[in-house]
Amino acid sequence: MNVGLLWYDGSSQRTVEDKVARAATRHHDKFGHWPNTCFVHPGCLDDRDELCVSCGGCQVRVLSAPNVLEDHFWIGHSGESAPELDIGGKEVGEIDNMPPCRIYRQTEPRHIVRLRQGGTLQSTTSR
């Protein structure tokens, strides 16, 4: 998955399926197409290898990834049929003169999650 949405949902009242469905709906609203893949922290799947969630007429395959933080959902479209997104003809690192990583979501006032080149997530807090 090259482009996706990092979604945070720390609610203990919702199930993983509900959280993925909410993230998928937000992805659809933002990008105009439904996602098919979601990576979550391994603890979210309760010893399952994967999970399938139906949302908006699509199936989202939920997989565990150790580099995803708890209560975070890295959701997007993977595979050969992934839709092209128009980012103005620029590389991700060139958008708004940003360094070679792009800030995808600010989860708290001073908490920043970045996707680094190579696919790893970095979480930093500034004081």
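Here, each number is a calculation from the coordinates, and none is a lab measurement. Predicted model, so just to flag it, every value in this text is computed and none were measured. With ideal geometry, Cβ positions are generated from the backbone for all residues, glycine too; neighbour counts draw on all protein chains shown.
In the range 23-60, which residues are over 21 Å from Gly79 (Cβ atoms) and surrounded by 17 or more Cβ atoms within 10 Å (Cβ to Cβ)?
If the condition is that a residue be over 21 Å from Gly79 (Cβ atoms) and surrounded by 17 or more Cβ atoms within 10 Å (Cβ to Cβ), then His41, Cys44 are the ones that fit.
Looking only at the range 39-81, filter to residues that are in contact with a Gly (Cβ under 8 Å, 6 or more places away or on another chain) and of a type in the set (A, V, I, L, M, F, W, C); which one of those is farthest from Leu6 (Cα to Cα)?
Only one residue fits best here, namely Ile75.
Taking the range 2-21, which residues are in a helix (DSSP H, G or I) and charged (D, E, K, R)?
Glu17, Asp18, Lys19
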